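Notes follow the structure.
The values are calculated or read from the model by the stated rules, or taken from the named source; none is laboratory data. Being a predicted model, the structure only gives us computed values, none of them experimental. Cβ sites come from the backbone with ideal geometry, for glycine too, and all protein chains shown count toward neighbours. Calculation scope for accessible area: heavy atoms of the full protein, side chains included, ligands and nucleic acids excluded. Shrake-Rupley method; radii C 1.70, N 1.55, O 1.52, S 1.80 Å.
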Amino acid sequence: MRTLRRDFPLHLMLLPGVILTLIYAYGPMAGIIMAFQNFEPLSGFFKSKWVGLDNFNYVFHLPDFNQVLWNTLLISIFKMILFLLVPLVLALLLNEITKKWFSGLIQSSIFLPFFLSWTVLGGGIIELFSLNGPINGLISLVGLKPIMFMLNNDWFRGIIIGSDVWKGMGYNMIIMLAAITGINMSLYEAAEVDGGGKWKQMLHITLPGIAPMLILLGVLSLGNILNAGFEQILLMYNPTVYQGSDIIDTFVYRLGMFSQQFGPAAAVGLFKSIISLGLVSISYYAAYKYNNYRIF
């Protein structure tokens, strides 16, 4: 009680955030019941017909569901790998720049897209890769036929992955640069005395020094393996490329909003949430066990 009285002002400060979380994060979870109903908006939760697991059986047997799940996993895995690899290379290269003003300029340029929304970037990318856009203009200049990037499943999937990595790579790059600056400089000095060049220093000092951070970022990203980028894909894709870019989130959106199949849409969403919860739990346990990382 003495501790509670002492920290009571801090609990009051937390109260608005707790209330908002209960209303907007936990309150909507009551809608999970739609996954087990033939939900009709006019009937509501209490009068809609209960169908049990029929919605799950229905969506799992849809011809598009396996392709949607495959697209989600494929896009997410490529993003996870590149979100570690590209920022790592950039951080190692920037760490070798001796001119601080030039290094800061490059960092700012790379980090800038992170602050822009997909509403802005999506429109720019669509124009950039359109049939009459700058990319096809360059292709035409060298005598090749223009490519319909935004209507080709293989090209479009690559654009989705590449543009998302380009937008977010600055964030992980800053984290990795911070990890590099935390390495004891005396290790580099000792390596120079022993005749170790920049390449040897990177292999035997820099990479082992930031390995815990790389492991942590990789493990924590496992929880988002089913989040392949709803906003990005929704703003950029079209029916022609559904086969290669339709993911679980966009599938749920179309199933619920366009087809008015609220029950099956809720069933797919619940399926994804359960899998994601398991992956997040496993990733945080692994981060705690192997890297001593904990939230609380």
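Using a 1.4 angstrom probe, figure out how much accessible area the chain has per residue, in square angstrom, rounded to the nearest whole.
62
What is the angle, in °, between the Cα long axis of helix 65-95 and the longest principal axis of the Cα atoms in the chain? Nearest 10 is fine, range 0 to 90.
Once rounded, one gets 20 degrees.
Using packing as a proxy for protection, rank 15-26, 157-168 so that the peptide with the highest average count of other Cβ atoms within 10 Å comes first.
So the order, starting with the most tightly packed, is 157-168, 15-26.
Only helical DSSP H runs with n ≥ 4 go in: add -39500 (n - 2.57) per run for the chain, normalise by residue count and round the 222 nm mean residue ellipticity to 500 deg cm²/dmol.
That comes out to -21000 deg cm²/dmol.
Over 31 Å between Cα atoms: which of 100/289; 49/79; 47/272; 79/200 fall into that group?
100/289; 49/79
Pop the C-beta distance of residue 171 and residue 120 into the FRET formula with R0 = 22 Å and round what comes out to the nearest 0.05.
0.80
Expressed as cubic angstrom per residue, what is the convex hull volume of the alpha carbon set of the stretch 75-153?
Given the Cα convex hull of the stretch 75-153, per-residue volume reads 151 Å³.
Using the alpha carbons of the stretch 1-83, what is the convex hull volume per residue in cubic angstrom, as a whole number?
Working: hull volume 17.4 nm³, N = 83.
About 209 Å³ per residue, rounded to a whole number.
Students often check this: by mean Cβ neighbours within 10 Å, which of 2-14, 88-100 ranks highest, and how do the rest follow? Don't skip to the end; give the middle numbers.
Values: 2-14: 8.9, 88-100: 14.4.
Taking the mean over residues of other Cβ atoms within 10 Å, the ranking is 88-100, 2-14.
What list of whole percents do you get for P(r) of the stretch 235-288, with Cα-Cα distances grouped in 5 Å bins up to the one holding the largest distance?
Final binned percentages: 4, 18, 20, 16, 17, 11, 9, 4, 1.
Per the Kirkwood definition applied to all pairs of different Cα atoms, how many angstroms is the hydrodynamic radius of the stretch 1-155?
Here the Kirkwood hydrodynamic radius works out to 22.6 Å.
Out of every Cα pair in the stretch 8-48, what percent are spaced more than 17 Å from each other?
51
Using square roots of five times the C-alpha gyration tensor eigenvalues, list the equivalent-ellipsoid semi-axes of the chain in whole Å, biggest first.
Largest first, the chain gives 40, 32, 18 Å.
What list of whole percents do you get for P(r) of the stretch 180-296, with Cα-Cα distances grouped in 5 Å bins up to the one holding the largest distance?
Taking all Cα pairs of the stretch 180-296, the binned fractions are 2, 10, 13, 12, 12, 10, 10, 9, 8, 6, 4, 3, 1, 1, 0 percent.
Measure off, as a whole percent, the carbon and sulfur share of the 1.4 Å-probe accessible area of the chain, all protein chains present. Working shown, then result.
Values: 12670 of 18320 Å².
About 69 percent, which is the carbon plus sulfur part of the accessible surface.
What percentages make up the Cα-Cα pair-distance distribution of the stretch 42-123 when the bins are 10 Å wide from 0?
P(r) for the stretch 42-123, in whole percents per bin: 13, 21, 23, 18, 13, 9, 3.
Per residue and in Å³, how big is the convex hull formed by the alpha-carbon atoms of the stretch 190-250?
127
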